[in-house]
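Reviewing the structure listed below.
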Amino acid sequence: MPTPTPGSRWDFPNPALAHPGEDIVAIGADLEPGTVLAAYRAGIFPMHLDTGELAWWSPDPRGILPLDRLHISHSLRSSMRRFEVTVDAAFVDVMQACGDARRQQGWITPDFVATYSALHRLGWAHSVEVWEADGRLAGGLYGVSIGGLFAGESMFHHARDASKVALVALVDILRADGRDRLLDVQWRTDHLASLGVVEVPRREYLARLANALDLPSAFA
């Protein structure tokens with residue numbers, strides 16, 4: 001079970017009261033584990049602005065992947081047989097690969113790596129790794145698990161379909177006991193939409209979040 005953390009000394013605004021379509025709900029605070037967990041429980045997550053300021057986001061609309069909507073193409077099924085999948089075997093390696101400065105929108109800065117690595121050690125953050133047969137890390141993803149919420153933060157691939165294989169494995173974990181958990185992906189992109197990601201209004205997301213937080217973690 002995750003290790004409890006001290007509460008946050010910051011009070012986050014209620015995102016339900018934010019202006020529709022306004023994604024940023026606060027600026028400032030810190031990246032202490034308790035602060036970050038409090039934000040996720042409120043439907044908010046951190047990301048730096050281009051100016052370097054720490055902003056707290058609650059997108060409207062929000063991207064989620066309904067667990068029964070994951071689309072697995074024939075080619076992806078073939079790729080799944082090529083790789084080995086593990087969980088929590090190389091969290092820092094996955095996060096650093098997601099934060100590679102050569103990737104566009106490289107927002108995973110050293111302070112984020114430090115915070116989420118701490119959350120991983122405490123049992124709140126998890127990774128799914130995908131490996132080549134020769135032992136090379138081919139892809140993966142990481143995120144935060146609180147109750148029945150899995151807040152997906154980022155994914156990467158060095159080999160074709162490797163990040164998709166990680167997502168399939170994650171969905172299998174979240175669905176294993178048949179509970180209706182919430183897989184949050186922050187924003188819908190064309191790539192994610194091809195896998196089944198949809199957009200929901202912020203108020204609907206917050207309602208789903210409240211229900212999900214009452215469920216046990218799939219990683220317990």
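When GLU53, GLU32 are checked against the criterion of being among the charged types (D, E, K, R) and touching a Ser or Thr at 6+ places or on another chain (Cβ under 9 Å), GLU32 stands alone in meeting it. In a loop (DSSP other than H, G, I, E, B), surrounded by fewer than 21 Cβ atoms within 10 Å (Cβ to Cβ), in contact (Cβ under 8 Å) with a residue 60 or more places away in the chain and among the hydrophobic types (A, V, I, L, M, F, W, C): is that true of LEU206 in this structure? It is false that LEU206 is in a loop (DSSP other than H, G, I, E, B), surrounded by fewer than 21 Cβ atoms within 10 Å (Cβ to Cβ), in contact (Cβ under 8 Å) with a residue 60 or more places away in the chain and among the hydrophobic types (A, V, I, L, M, F, W, C). Taken together, the criteria place GLU129 among residues that are charged (D, E, K, R), crowded, with 18+ Cβ neighbours inside 10 Å and part of a strand (DSSP E or B). Filtering the range 178-192 to residues that are over 15 Å from GLY43 (Cβ atoms) and surrounded by fewer than 15 Cβ atoms within 10 Å (Cβ to Cβ) leaves GLY178, ARG179, ASP180, THR189, ASP190, HIS191.
Which condition does LEU195 not pass, out of (1) part of a loop (DSSP other than H, G, I, E, B); (2) surrounded by fewer than 17 Cβ atoms within 10 Å (Cβ to Cβ); (3) of a type outside the set (Lys, Arg), if it passes all the others? Tallying (1) part of a loop (DSSP other than H, G, I, E, B); (2) surrounded by fewer than 17 Cβ atoms within 10 Å (Cβ to Cβ); (3) of a type outside the set (Lys, Arg), LEU195 fails exactly one: (2). When you scan the range 150-170, do you find a residue that is modelled with pLDDT under 95 and basic (Lys, Arg), even just one? No, the conditions are met nowhere in the range 150-170. From the list ARG9, ARG69, ARG77, ARG81, the one residue that fits, being basic (Lys, Arg), closer than 30 Å to ALA159 by Cα and touching a residue at least 24 places away in the same chain (Cβ under 8 Å), is ARG69. SER163 fulfils the conditions (1) of a type in the set (Gly, Ala, Ser); (2) surrounded by fewer than 21 Cβ atoms within 10 Å (Cβ to Cβ); (3) not in a loop (DSSP other than H, G, I, E, B) except for a single criterion, (2).
Residue check: LEU149 meets all listed conditions (1) over 27 Å from GLY178 (Cα atoms); (2) in contact with a helix residue (DSSP H, G or I) (Cβ under 7 Å, 6 or more places away or on another chain) but one, namely (1). The residues on offer are THR115, THR109, THR86, and the sole one that is over 13 Å from the mean Cα position of the chain (by Cα) and modelled with pLDDT under 95 is THR109. Considering the conditions (1) farther than 21 Å from LEU209 by Cβ; (2) in contact (Cβ under 8 Å) with a residue 12 or more places away in the chain; (3) not hydroxyl-bearing (Ser, Thr, Tyr), ASP190 is excluded by exactly one of them, (2). Just wondering, is there one or more residues in the range 99-114 that are in contact with a strand residue (DSSP E or B) (Cβ under 7 Å, 6 or more places away or on another chain) and under 26 Å from THR3 (Cβ atoms)? The answer is yes, given that some residue of the range 99-114 is in contact with a strand residue (DSSP E or B) (Cβ under 7 Å, 6 or more places away or on another chain) and under 26 Å from THR3 (Cβ atoms). Here ARG136 meets the list (1) within 13 Å of the chain's Cα centre (by Cα); (2) farther than 26 Å from PRO4 by Cα almost entirely, failing just condition (1).
The values are calculated or read from the model by the stated rules, or taken from the named source; none is laboratory data. As the structure is a computational prediction, the values presented were derived from the model and not from experiment. Using ideal geometry, Cβ is built from the backbone for each residue, glycine included, and neighbour counts are taken over all protein chains shown.
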